[in-house]
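Step one of this worksheet: look at the structure below.
The values are calculated or read from the model by the stated rules, or taken from the named source; none is laboratory data. Note that the coordinates shown come from a computational prediction; the quantities given were computed from them, not determined experimentally. Virtual Cβ from ideal backbone geometry, glycine too; neighbours counted across all protein chains shown. Note: accessible area is taken over every heavy atom of the protein model, side chains too, but ligands, DNA and RNA are not part of it. Shrake-Rupley method; radii C 1.70, N 1.55, O 1.52, S 1.80 Å.
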Amino acid sequence: MKTNKPWLKTIVSVVLGATIGLSSLGLGFTGQASAATPKAEEVLSTGKDYLGIPYRFGAPSGATYAFDCSSFTQYIFKENGITLPRTSKEQATEGTKVAKGYLSKGDLVFFSSDSSSNVAHVAIYAGNNKILHAATSSGVTISNLTSTYWTKNYITARRVIK
């Protein structure tokens, strides 16, 4: 770095060193988006095959005639070799936490139903601020993550595709 300000080199070195040091601690937080993996594309493709399937609260694991949000994610990921627990609350503990600004296709995205911190819904990030999920009103669908409802109720995201 060429500069006539030696203090700037020091600041850049300190910031770079701190960034490298923190990222190597392995604190279970992914602060960067990654390119969509082939596995993520497969998960989304499988999920899109079920667009329009009706929503049914408590739909059993493995059923494809109806889904609730977490039976949908559990089924779609299982079809692609990734095992998830049954409920959205349990699924919210899997994988690695991802900051909202760094979502990648295939990440699980979690929401409340009342602007609280209680997980009540799960969706799959589909890229371009879209989510693929089983919604109470429309069954398996694609929704806009930036809509007022999803923005207000967003809690966290987890990356389960390695």
Practice problem: Could you run through segment 46-76 and say how many residues are under 14 Å from Ile124 (Cα atoms), without any contact (Cβ under 8 Å) to a residue 40 or more places away in the chain and among the β-branched types (Val, Ile, Thr)? | Solution: 1
Exercise. Within segment 49-94, track down each residue that is outside any helix (DSSP H, G or I), of a type in the set (S, T, N, Q) and farther than 24 Å from Thr151 by Cβ.
Key: Ser61, Thr64, Asn80, Thr83
Quiz item: In segment 121-142, how many residues are more than 14 Å from the chain's Cα centre (by Cα) and among the small types (Gly, Ala, Ser)?
Solution: 5
Self-check item: Candidate set: segment 125-162, residues that are of a type in the set (Gly, Ala, Ser) and in a strand (DSSP E or B); chosen: the one nearest to Lys89 (Cα to Cα)
Solution: Ala157
Exercise. With respect to Thr83, determine if the residue is under 18 Å from Thr37 (Cα atoms) and free of Cβ contacts under 8 Å to residues at least 12 places away in the same chain.
Key: yes
Quiz item: Out of all the residues in segment 50-72, is one or more among the charged types (D, E, K, R) and modelled with pLDDT of 95 or more?
Solution: yes
Self-check item: Test result for Pro38, closer than 15 Å to Arg159 by Cα, open to solvent by 10 Å² or more (accessible area, probe 1.4 Å) and more than 14 Å from the chain's Cα centre (by Cα)
Solution: yes
Self-check item: Conditions (1) of a type in the set (Phe, Trp, Tyr); (2) crowded, with 21+ Cβ neighbours inside 10 Å; (3) closer than 19 Å to Ile155 by Cα: number failed by Phe77
Solution: (3)
Practice problem: Report yes if Val122 is outside any loop (DSSP other than H, G, I, E, B), crowded, with 19+ Cβ neighbours inside 10 Å and out of contact with any Ser or Thr (no Cβ under 6 Å at 6 or more places or on another chain), otherwise no. | Solution: no
Quiz prompt | Subset of segment 49-105 [under 20 Å from the mean Cα position of the chain (by Cα), small (Gly, Ala, Ser) and over 26 Å from Ser117 (Cβ atoms)] | solution = Gly81
Exercise. Kindly indicate which of Lys97, Lys105 is in a loop (DSSP other than H, G, I, E, B), closer than 20 Å to Lys39 by Cα and open to solvent by 10 Å² or more (accessible area, probe 1.4 Å).
Key: Lys105
